[in-house]
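Written below as structure tokens is the structure these notes are about.
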Amino acid sequence: MRAARPRALYALVFAVHAAFAASVFARLGAPLLWEDEAETAIHGRSVLEYGVPKVHVGRNIVYGAPLPLSLGADEKLDAYLGSPWGQYLFAAPAVAWSDGGRDLAARTWRMRVPFALAGWLGVLLVGAVGASLWPAAAGSRAVFWLGFGVCLLLSVSLQLHLREVRYYPLVVLALGAAARLELRHHARGDLPQLRHALLLAPVLFVLFNLFYPAFTAVVVAAAAALALAAARDRAPLRDRAIVLARSAAPYALACAAALPIAVLFGLPAQSRHFFATFDSPLSAFSHQLASGALYLLRYEFAAPVLVGAAALALARRRVGPDAPELCAALTACDLVVALAAIWWMTIARTPLFFSRYLIPLSPLLSAAGVVQLGCLVALRRTRVSRMATAGLAAVAVAWAACAAVRAPELSGRWQELREPYRGPLDHVIPYLAGRHPSPADLVIATNYEDFSYMFYLGSTVVLGYYAPDRERDLAFVPDVIIPRPWPVNLRALQHLANQGTYAMQAFPVANVRANNLPELSTRNQSGLVHRFRSPEPGRDGAPLLIGERLQP
């Protein structure tokens, strides 16, 4: 019986993590890439062909930023500067693989697999760090992996974002790698100072080139932690300064390497434009602070982590030196809480807020929350047993509440896995590919998800959402007009429709604003949320109608 119990535990751990992996990797071929994913893919193709994500590709203008061309493009290189290039460079080999797919689903699957795999590996790296910090007094590390796996299964938001051809899964991988390096250097001591700096600095530089607000949050959190450690050290000032300089070296190297990129992209000028266009400073900041907090409390595990941090803070005041083996675990949990708070405030200060900016915190909060439980279990063997037990009860209630409120998205995710989702693009792109022997010769006018037609069909697509060269676009006579329910550029589409005679074609799908996207919280800039069921005409809006030009 003693041997059977560990085997059953390991089998349960395997089953839970296999279910999480299945939710991430299952049905990656559907739906087709939506606006943001297709932008990553089309820029990845430019990297393959030109070495940089170009703005002008044939007759297409690939531009997805609410910035004037003077700020969002480099004139000499004709390179897109509206977003860091890390995700585009990663996408380039995936595009090459995708282009060999036999159909649209296979091409989509091949684009998503490398991103999903990167995110999944990042989650496992974070889990490995948490398992290393698991207190021996709390039992086998398999218990940690079980708790961590349950958190991953409950985090539908994380599952959806890891499947995206965007930077979110890549940021998770970078954070997992950074956490692993910091654990080995500071907690385990098996990574020498020089090797630590030479390995961590490139990881941080990659993080900057994926999502620089995340880089900012990580650097600020690390600087605060290192400064606090130096202040608490009782060594002579000179020795403390040397230790601080050595510990800060990888972060200083990464900042120095990132500076030329920030200059090339004109990040200060871009930020000033964003704030001038979208921000009313005080009201926007307070609103986005609230939106970020509600997201972390409702869709992530901020609530039990905060309760656990409070319980451990109270217990630590009385436990004294009775639990020295918990120091590394408690310090790591505190650092995750501090990083999450700094990250949250950094994102709240950005003029465009989307909850997906916070998604890389999900595995960190999950791992920290489970480690906190292990610390409280271990503290039950000390003289603060009653306090630790009370803390465990409070954290258990918070975890139960987090699990209970997730019932709608858990049910929706299960339904979505059983019946694949089909949005507007999943109807119109196969239709155009089958109807036209050479879809690359088509000129398509639309006001959203223009990049998807560029990627799958190779067509010339005009206007789109941002329409950086509207005057040029209005000179075309489109072969196909696809209006989407955005007020942006609808009048321009009507103007183009008046230039020819078009026959209308209806599809059995509601013309929703986006094919689909991973956001679950409505408190984001667009207000759009993920759909677990295919949009039906009538129930979800008017049917999708496109206009096809009649030849004279």
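Couple of notes before you dig in:
- Dipole-positive endmost among V263, V150, L493 within the chain (Cβ charges, Cα centre): V150
- Compactness relative to 2.2 N^0.38 Å, alpha carbon Rg of the stretch 424-549: 1.04
- Between A252, A15, A293, the Cα set farthest toward the positive side of the dipole of the chain (charges on each charged residue's Cβ, about the Cα centre) is that of A15.
- Potential lengthening of the chain between A30 and H495 amounts to 164.0 nm, from the contour at 0.36 nm per residue minus the alpha-carbon distance.
- The chain: angle of helix 168-182 to the longest principal axis, Cα-based, in degrees nearest 10: 20 degrees
- Ordering A65, L228, G29 by Cα displacement along the dipole of the chain toward the positive end leaves L228 in first place; charges were set at the Cβ atoms of Lys, Arg (+1) and Asp, Glu (-1).
- Spin-label model, D103 to L417: label points 7 Å out along the Cα-to-beta-carbon direction sit 2.3 nm apart.
- On Cα atoms only, tilt of 267-278 relative to the major axis of the chain in degrees: 70 degrees
- For V488 and L289, the difference between the fully extended length at 0.36 nm per residue and the C-alpha to C-alpha distance is 68.9 nm.
- Computed lengthening from A245 to R539, 0.36 nm per intervening residue step minus Cα-Cα distance: 99.7 nm
- 3J(HN,Hα) from dihedral phi, the stretch 85-96, Karplus parametrisation 6.51/-1.76/1.60, rounded to Hz, x for glycine, proline: 8, x, 5, 6, 5, 5, 6, 4, x, 5, 5, 4
- Helix 424-435 axis, angle to the chain major axis (alpha carbon atoms, nearest 10°): 40 degrees
- Computed about its Cα centre, the charge dipole of the stretch 424-549 is approximately 340 debye, with only Lys, Arg, Asp and Glu carrying charge at their Cβ.
- Distance between modelled label sites at L77 and R383, nm, 7 Å Cα→Cβ extension: 6.2 nm
- If only the Cβ of Lys and Arg carry +1 and only the Cβ of Asp and Glu carry -1, the dipole of the stretch 296-401 around its Cα centre is close to 260 debye.
- The chain - charge dipole about Cα centre, Lys and Arg +1 at Cβ, Asp and Glu -1, debye rounded to 20: 2240 debye
Here, each number is a calculation from the coordinates, and none is a lab measurement. Remember, it's a predicted structure, so these values are computed and weren't measured experimentally. Virtual Cβ from ideal backbone geometry, glycine too; neighbours counted across all protein chains shown.
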